[in-house]
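Structure, as structure tokens:
The values are calculated or read from the model by the stated rules, or taken from the named source; none is laboratory data. Computed from a predicted model, the values in this text were never measured in an experiment. Cβ sites come from the backbone with ideal geometry, for glycine too, and all protein chains shown count toward neighbours.
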Amino acid sequence: MTSTAAVEERLRDLQRLRRVRDRIDREYAQPLNVEALARGVHLSAGHLSREFRRAYGESPYSYLMTRRIERAMALLRRGDLSVTEVCFAVGCSSLGTFSTRFTELVGMSPSAYRRHEGRSMAGLPPCVAKRVSRPVRNREVQPAEARLR
């Protein structure tokens, strides 16, 4: 394969990966899995996972869960839905998995977040609150106790 052909192939792969990422951003609340995402762009699930991680630094599933948690944070700040209702509204089918992943990314449980952040974000414009509260990926968050000191 010539270098020009290799570059063109890489650009096509990046376009496919962008389509997958855009689909996750749009359809985060729908039941999505790596196999279905891969079929949508005519790649194998393994190849999609490897290339997505190479391009974006995390797996498609991890990216999907980050989007879901980000939306859950906004719904919890609103305060009119229970944690269970939020879990299902963002597309998670297991409250346990949702709570575990939420705690990993945010550093506190969904109920603690709702109690704490609902008050601390009061009065902030939604665009600012979203930016300030964006979840941290790849388990980089500090435990809540360390942040409160």
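Filter segment 1-15 down to the residues that are within 29 Å of Glu70 (Cβ to Cβ) and touching a helix residue (DSSP H, G or I) at 6+ places or on another chain (Cβ under 8 Å) and list them by number.
Within segment 1-15, Asp13, Leu14 meet the criteria.
The rows are residues; the columns are (1) surrounded by 17 or more Cβ atoms within 10 Å (Cβ to Cβ); (2) modelled with pLDDT under 95; (3) in the same structural domain as Phe88 (by TED's automatic domain parsing).
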| residue | (1), (2), (3) |
| --- | --- |
| Glu8 | no, yes, no |
| Arg19 | no, no, no |
| Arg26 | no, no, no |
| Asn33 | no, yes, no |
| His42 | no, yes, no |
| Ser49 | yes, no, no |
| Arg53 | no, no, no |
| Thr66 | yes, yes, yes |
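In a helix (DSSP H, G or I) and either under 21 Å from Arg101 (Cα atoms) or in contact (Cβ under 8 Å) with a residue 40 or more places away in the chain (or both), is that true of Ala29?
Taking the combined requirement at face value, the residue does not satisfy it.
Only one of (1) hydroxyl-bearing (Ser, Thr, Tyr); (2) in the same structural domain as Ala112 (by TED's automatic domain parsing); (3) over 14 Å from the mean Cα position of the chain (by Cα) fails for Ser99. Which number is that?
(3)
Looking at segment 84-96, I want the residues that are in contact (Cβ under 8 Å) with a residue 60 or more places away in the chain and surrounded by 14 or more Cβ atoms within 10 Å (Cβ to Cβ) and have a partner that is in a helix (DSSP H, G or I) and of a type outside the set (D, E, K, R) with Cβ atoms under 9 Å, at least 6 apart or on another chain. Which pairs are those?
Matching pairs, first to second residue: Ala89/Ala72; Ala89/Leu75; Val90/Ile69; Val90/Ala72; Val90/Leu75; Val90/Phe98; Gly91/Leu64.
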